[in-house]
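The values are calculated or read from the model by the stated rules, or taken from the named source; none is laboratory data. Bear in mind the structure is a predicted one, so any value in this text is a computation, not a measurement. So basically every Cβ, Gly included, is an ideal-geometry build from the backbone, and we count neighbours across all protein chains shown.
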């Protein structure tokens, strides 16, 4: 059964061939690779150049069956599974398919977003559960991030325990979800 496996890339952040590129080159229809990207400006021979780089260098997701992913992970020495803490020996970390699709959809449709580590957004900043009604983020659900003095509203879409995306939203499209 195919699952979204969470992997760790042990290469340095300035590596010429990080794991997501190696996996992307190896990717087949059976092996889907995803890593959240951001745009960065670098200087190459005195000229500014924009390039896409991972938001979190060592984090990537692969949608595959464990049997087909094991040989790939074994072949790339800098690639490892992330394992569940306290979940028993060798239980690889996975993300539910609907949760991963929601996260990828949110990032793909957002004009501006920021990724947060799980411990970077305290529970006190998580506000009401909201749904976006209209606009490019129509139908997305998450929590409203509330910061005192900030004029920017953010919808937090989270992959629990791994990463949270804060997506800038316009107030006119916010609908509160009441329990």
Can you report the number of residues in region 101-126 which are part of a helix (DSSP H, G or I) and modelled with pLDDT of 80 or more? 9
For region 144-179, which positions are under 18 Å from the mean Cα position of the chain (by Cα), in a loop (DSSP other than H, G, I, E, B) and farther than 18 Å from residue 105 by Cβ? 161
Just the residues that are outside any helix (DSSP H, G or I) and free of Cβ contacts under 8 Å to residues at least 24 places away in the same chain, please, taken from region 16-37. 16, 17, 27, 28, 29, 37
Considering only residues that are in contact with a strand residue (DSSP E or B) (Cβ under 7 Å, 6 or more places away or on another chain) and assigned to a helix (DSSP H, G or I), look in region 67-98 and name the one that is surrounded by the most Cβ atoms within 10 Å (Cβ to Cβ). 69
Log entry, pairs with first residue in region 164-179 being free of Cβ contacts under 8 Å to residues at least 40 places away in the same chain and in the same structural domain as residue 128 (by TED's automatic domain parsing), second being outside any strand (DSSP E or B) and surrounded by fewer than 22 Cβ atoms within 10 Å (Cβ to Cβ), beta carbons closer than 7 Å, six or more apart or on different chains, reads 170/135
